[in-house]
Every structure is written in C-alpha cells, then in structure tokens.
Amino acid sequence: MPLLTTPAVPTGTMAAMPQPEIDANGLLIRPWRPSDRSAVVAAFADPAIQRWHCRSMTDEEAAGWISSWPRRWRDETDAAWAVLDAATVVGQIGLRRVDLAEGVASVSYWVLPDARGRRIAPRALGTLATWSFRTLGLHRLQLSHSTANRASCRVAQHAGFVPEGTKRGEARHADGWHDMHLHARLSTDN
C-alpha cells in the first residue's frame, strides 16, 4: 500500500554508510568488535543489567550478539555501539526498532558497574541523539524504562529526553509486570 507522505529518511540511508565511530565528549562510541565479547558477557552477568534487560548471555551467545549487528545495520532495523572510556568498553548504546519512513527509533543503553556514576550513559545518549538527528535524519527518538528504574530515568532526563507518560504493565521482568515510563526527544527540541 503506497504511502501518501514522503519517507522522513529514504530507505537505504543507513545501509549506504558505514556504521560510524562517534566522539562523545571524551568517550568513543564505536561498532562492536569480536574482541569485546568478554565485556558483553560481564555486562549480562551483572545483576542490575539482568534485572532491567531480563537476560543473561554466555560467551557463545555474546559472539552471536556481536556478529548480528552489521547485518542489522545493513537491514536498517537496529544498530548498537560499544561505549569506550580510555580505550575500555564501559557500556552499550543502541538504536532499536528503526523506522526510517517514520523517522523514529527506540534507544537502549547500559553501563558496566565499574563505570557507573560518571555520567557515561547520559553523555553517550545525548551524543547518539545528536548524531541520529543531524546525520541520519531521524525525527524522534524514544526510550522506555521500568518506573522502578530511577537511574535510567535520570539518564533520559539528563540527555534531554522529555517524560511523556506511563505505559501500564508494558514489560515483564523476573519479578512480574512493570509499568514503563516513556521518554522522547525530537529533532526540533533544543
């Protein structure tokens, strides 16, 4: 069925460019590499990351997770980057459910325990948002987090993601159904 509007971002825009490395105020956001596998395994062994992301990961699963990102970039559906501080992987930032025609994507992030409290997540999130608007051409980025995850709420707000509401019983975690806060940032936001 043909659209009656012009796509916000033409199909092929992501696939036509290599996934970039992005400078993020002293951090480096770069595509995942096979050598990052131990950091991914460590992240998904962390109880806090497990609590909010609802999964664990073996070494073999981490290898598959890392190797899936180039295809997802080419398919223009998702993208993920390692976040590095002083050449060490300290976190993850990514675009999920990318819809170029609508100019929309969801954002995910996590930070390893040793790197928490240094504003790594808000710096990476703010930088990825700016890149997504200026370079990729998206119009809206959104993220959801459990209403019980106050740290994620602070990250979103520090990175300019405005709270938009609560989605009742939207996500199932190990301890049951959670209400989720929705935040968004538009390309037109200051």
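Would you please state which residues of the stretch 171-190 a label at L3 would reach in this model, taking the label point 7 Å out along Cα→Cβ and a backbone N cut-off of under 17 Å?
187
Kirkwood hydrodynamic radius for the stretch 26-117: how many Å is it when counted over pairs of different Cα atoms?
This gives a value of 13.7 Å.
Taking the chain as a Gaussian network, Cα atoms linked when under 10 Å apart, which of W110, W177, W52 shows the biggest mean-square fluctuation?
W177
Set the Förster radius R0 to 25 Å, insert the Cβ-Cβ distance between R51 and T77 as r into 1/(1 + (r/R0)^6), and round the FRET efficiency to 0.05.
Calculated transfer efficiency: 0.45.
Can you work out the FRET efficiency for the pair T11 and T135, with r the C-beta to C-beta distance and R0 = 22 Å, to the nearest 0.05?
In this case the efficiency is close to 0.85.
With r as the distance between the Cβ atoms of D179 and A42 and R0 = 35 Å, compute the FRET efficiency 1/(1 + (r/R0)^6) and round to 0.05.
It comes to 0.75.
Give me the percent of the accessible area of the chain that comes from carbon and sulfur atoms, probe 1.4 Å, all protein chains in place.
Accessible surface attributable to carbon and sulfur in the chain totals 51 percent.
If I model a spin label as a point 7 Å beyond the Cα along the Cα-Cβ vector, how far apart are those points for T88 and A63 in nm?
For the pair T88/A63, the computed spacing is 2.6 nm.
Kindly identify the stretch 104-155 as rounded, prolate or oblate by the Cα gyration tensor criterion: order the square roots of the eigenvalues as a ≥ b ≥ c, call it rounded if a/c is under 1.5, otherwise compare a/b with b/c, prolate if a/b is larger, else oblate.
Here the stretch 104-155 falls in the oblate category.
Kirkwood hydrodynamic radius (Cα pairs, Å) of the chain?
Evaluated over the chain, this radius sits at 17.1 Å.
Could you bin all the Cα-Cα distances of the stretch 1-80 into 10 Å bins starting at 0 and give me the percent of pairs in each, rounded to whole numbers?
Bin by bin from 0 Å, the calculated values are 16, 34, 32, 13, 5.
Hey, how many Å between the Cα centroid of the stretch 12-69 and the Cα centroid of the stretch 120-141?
About 17 Å separates the Cα centre of the stretch 12-69 from the one of the stretch 120-141.
Accessible area per residue of the stretch 1-154 at 1.4 Å probe, in Å²?
50
The values are calculated or read from the model by the stated rules, or taken from the named source; none is laboratory data. All values derive from a computational prediction rather than experimental measurement. Cβ atoms come from the backbone with ideal geometry, glycine included; neighbour counts cover every protein chain shown. Just the protein is used for accessible areas: all its heavy atoms, side chains included, with ligands, DNA and RNA removed. Shrake-Rupley method; radii C 1.70, N 1.55, O 1.52, S 1.80 Å.
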